[in-house]
Amino acid sequence: MSNTTGVNNYIEAARKAEAKRLSQFKAMKQCRFDTIAVHGMYSMSEALDFNQGAIIEPLYMCTAQGYRDADEMEAALSYQIPTWCYSRIANPSLYYFENTLALLEGYGYDGETSCLATSSGMAAIQSATDPFLTIDPEHPGQPINFVSTCQVYGGTFQQFSLRKSDKANVECRWILDSTNLDEWAAKIDKNTRFVYGELPSNPGQSFFDLDAVIELAHSRGVPVIIDNTVGTPALLRPIARGADIVIQSVTKTLASSGFGIAGAVISRKNITSRVGPDELKADFATYLKGLPNRDNGPNLSPMNAMLSLADMRTLRAKVDLFSRNTLHVAQYLEENPYVERVDYLGLTDHPLHELARRYLFLVDAEQDPQYKTPVNRYGHLMSFRVKGGAPAARKMFDGLNRIWRATDLGRVKSVATIPAISTHSQQGDEGREMADIPPNLIRLCVGGEHPDDVIADLEQALAVIDGTTRKQVPAEYSVGGASNPLLKDGGDFKR
């Protein structure tokens, strides 16, 4: 039998703790972006009272929380008081990470935001979208649809076109021209559960009028979900413009060191939706943590949370650097005779440049002594198309010496890939044609190197196309090479 008095004592203590947390949250919202990124919600009083005075958030490498008595356990496991109970559901290290990202994505927004950390960006997309694709008890026989731009990351395309569309009565309606508001309006109807977009898109740099799409969707009672992985809150904060939910593949720019995999769902309170329980609408990210993700288990590990948090502390500065470097490289490629087209929103002749210029600003540039005025920045991701089709693109790609060939982006090191044979290969020819991803397109994410060195590597790799001999891999690094430390006894691989 429950000890009502004891349980109530814990509930009252939790109310006081929550009031203190909200007060601290409001205080941090008054700070500048860089201060939030550095400190998050970790305070000096918490450090001194609970964490031995540690000035950096501790890493809690522990599976479970212990309780003082049965009353505290009952209050915690019935969700009457805050708890982390088990690291599959939550963990103090995750809270540090989640609170910081909730504040960053909510920067400039008057209301409160919350965040759910996930094991990857794809887990974040699934977590954010699946709760809407349930049967409406008031209209159980109605088909379900959702509307999305077709210019999205290849994994997103697969999840939407295969995993979700395989469900009975679920239809993915692709927007082919995201700048055409009439197309959005025609595809959103009474059975639409959410609209989804990626800004800027990977790899093609698609962009759309976010404010207009939000206004349209909300007029139909439909929530707006935005993948802000490429923009990051350093350049774009969709929630402050009215979006309901933001997706982050934290693995990318937020965690630019490349040490870990992570994702996140960030939501504002009281989202727009015609379906779902009141708890879902009131605090979507917290609802996910307490119910669907508690049961499905796609949440983040404490180690990856802390690695990501450490990388996020300098977000504004590194996005500024990466963006300036990328513009410099894009301007070079635009003049290179081996390149037929460059897609980068920062180029003034890009057809979507003026639209992107209305949205993409380096946060707090007007308070930065270096700038003292609003400054447009366009991110680290660009793409270019090599003259001569796929054979020339592959030849050039193979000639890179300093730029890494990998299916990755947002790194402090520059990375390139050919999406048609990597990130978007499973879309098939028809899907890639719809999203405008030809086989000669190379995606390039420029990192923190000096742009002159990135350009030098591109220049020598492009020169390979007209017959220049490719630089050979040194024998000691080739498979079977005598001094390759991975090989032994005539080429047997060893760990």
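Values quoted throughout were computed directly from the atomic coordinates according to the rules given, and no laboratory measurement underlies them. Worth saying up front: this structure is predicted, and the values here are computed from it rather than measured. Cβ placement follows ideal geometry from the backbone for every residue including glycine, while neighbour counts extend to all protein chains displayed.
Once R0 is set to 22 Å, what does the formula 1/(1 + (r/R0)^6) return for the Cβ-Cβ distance between residue 20 and residue 366, expressed as a FRET efficiency to the nearest 0.05?
Working: r = 32 Å, r/R0 = 1.47.
E(calc), rounded to 0.05, equals 0.10.
Of all DSSP beta bridges in the range 91-312, what percent run antiparallel (nearest 5)?
Numbers: 12 of 28 bridges.
Within the range 91-312, antiparallel bridges account for around 45 percent of the total.
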Spacing of the two label points (7 Å from each Cα toward its C-beta) at residue 169 and residue 61, in nm: 4.9 nm
Residue 259 paired with residue 51, simple spin-label distance in nm, labels 7 Å along Cα-to-beta-carbon: 1.5 nm
Long-range amide H partners of residue 339 with built H, under 5 Å: 387
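Which of the trypsin sites (Lys or Arg not before Pro) found in the range 349-402 are loop residues per DSSP with 14 or fewer other Cβ atoms within 10 Å of their Cβ?
Values: sites: 357, 358, 372, 377, 385, 387, 394, 395, 402; in loops: 358, 372, 377, 387, 402.
Sites meeting the loop and neighbour criteria: 358, 372, 402.
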Percent of Cα-Cα distances greater than 25 Å, calculated over the range 25-162: 49 percent
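Show me the ranking of peptides 341-349, 191-199, 451-459, 5-13 by mean Cβ neighbours inside 10 Å, starting with the highest. The partial results should precede the final answer.
Details: 341-349: 18.7, 191-199: 23.6, 451-459: 17.0, 5-13: 14.4.
The most tightly packed comes first, giving 191-199, 341-349, 451-459, 5-13.
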Which listed pairs, of 187/289; 269/318; 190/281; 20/252; 187/269, have C-alpha distances above 23 Å, in listed order: 187/289; 269/318; 20/252; 187/269
Length gained when the stretch residue 387-residue 352 is fully extended (0.36 nm per residue, less Cα-Cα span): 10.3 nm
Taking all pairs of distinct alpha-carbon atoms in the range 315-477, Kirkwood radius in angstrom: 16.7 Å
Ranked list, fewest to most other Cβ atoms within 10 Å of each Cβ, for 31, 115: 31, 115
R0 of 45 Å, Cβ-Cβ distance residue 77-residue 27: FRET efficiency to nearest 0.05: 0.90
Cα long-axis angle, helix 4-29 against the chain (0 to 90 degrees, to the nearest 10): 40 degrees
Separation of the residue 453 and residue 176 label points, Cα + 7 Å toward Cβ, nm: 4.5 nm
Descending principal axes extents, the range 91-312, alpha-carbon based, whole Å: 45, 36, 35
Distribution of pairwise C-alpha distances over the chain, 20 Å bins, in %: 22, 52, 23, 2, 0
Between 0 and 90°, nearest 10: helix 210-219 axis offset from the chain longest Cα axis: 40 degrees
Of the trypsin sites (Lys or Arg not before Pro) in the range 124-179, those whose Cβ has at most 14 other Cβ within 10 Å and which sit in DSSP loop: 167
With Cα atoms, 0 to 90° folded angle of helix 302-312 axis to the chain main axis: 60 degrees
Residue-averaged 222 nm ellipticity for the chain, from DSSP H runs of 4+ at -39500 (n - 2.57), nearest 500: -10500 deg cm²/dmol
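Could you tell me the calculated FRET efficiency between residue 5 and residue 274, based on Cβ-Cβ distance and R0 = 51 angstrom, to the nearest 0.05? Display every interim value, and only then the final one.
Working: r = 42 Å, r/R0 = 0.83.
It comes out at approximately 0.75.
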DSSP-defined antiparallel bridges as percent of all bridges, the range 315-477, nearest 5: 85 percent
Residue 171 long-range amide H proximity, modeled H, under 5 Å: 144, 145, 146
Beta bridge orientation in the chain: antiparallel %, DSSP, nearest 5: 60 percent
Convex hull volume of the range 258-347 per residue (C-alpha atoms, cubic angstrom): 188 Å³
Sparsely packed trypsin sites (Lys or Arg not before Pro) within the range 1-74, loop by DSSP, other Cβ within 10 Å at most 15: 32, 68
